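What follows is a short report on a single structure.
The values are calculated or read from the model by the stated rules, or taken from the named source; none is laboratory data. Values in this document were obtained by computation on a predicted structure and should not be read as measured data. Neighbour counts are summed over all protein chains in view; Cβ atoms, including those assigned to glycine, are modelled from backbone coordinates with ideal geometry.
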Amino acid sequence: MKKRKWVYLQNPKKYEISCDLCGGNNIEWSEYEGMIWCYDCEKDTRGNGGVFDGPIPINAAGFFGLTFDRYYFKENEVRRYEIRGNKIKYVPLCCPIKP
Ligand SMILES: [Zn+2]
């Protein structure tokens, strides 16, 4: 398993992810890519994909209070998810792109 370089700021249950082992949502992002950590099972597991299972209604996501902002460990930096045209960009909060 590869270690994550970044993690979403919001808890996985915000994205309707739950533990695929026990079905619970006492979970947090795992330190490994593509995984969650379940406090009840005390295991790293894939979880069920929640909103990531389907085509993400990315424009609607903000409407539901979802963000896809990420925290990058090495850079110690939050990057904000932005849609520019039909491209997705992760913009460091320190340096917003000028329109
Ligand atoms: Zn579990």
By residue number, the members of region 1-31 that are within 16 Å of the ligand (Cβ to nearest atom), of a type in the set (S, T, N, Q) and part of a loop (DSSP other than H, G, I, E, B) are Asn11, Asn25, Asn26, Ser30
Hits in region 14-50 (condition: more than 22 Å from Glu75 (Cβ to Cβ) and touching a helix residue (DSSP H, G or I) at 6+ places or on another chain (Cβ under 8 Å)): Tyr15, Glu16, Ile17, Ser18, Asn25, Ile27, Ile36, Gly47, Gly50
Could you list all residues from region 35-84 that are within 16 Å of the ligand (Cβ to nearest atom), at pLDDT below 85 and assigned to a loop (DSSP other than H, G, I, E, B)? Gly49
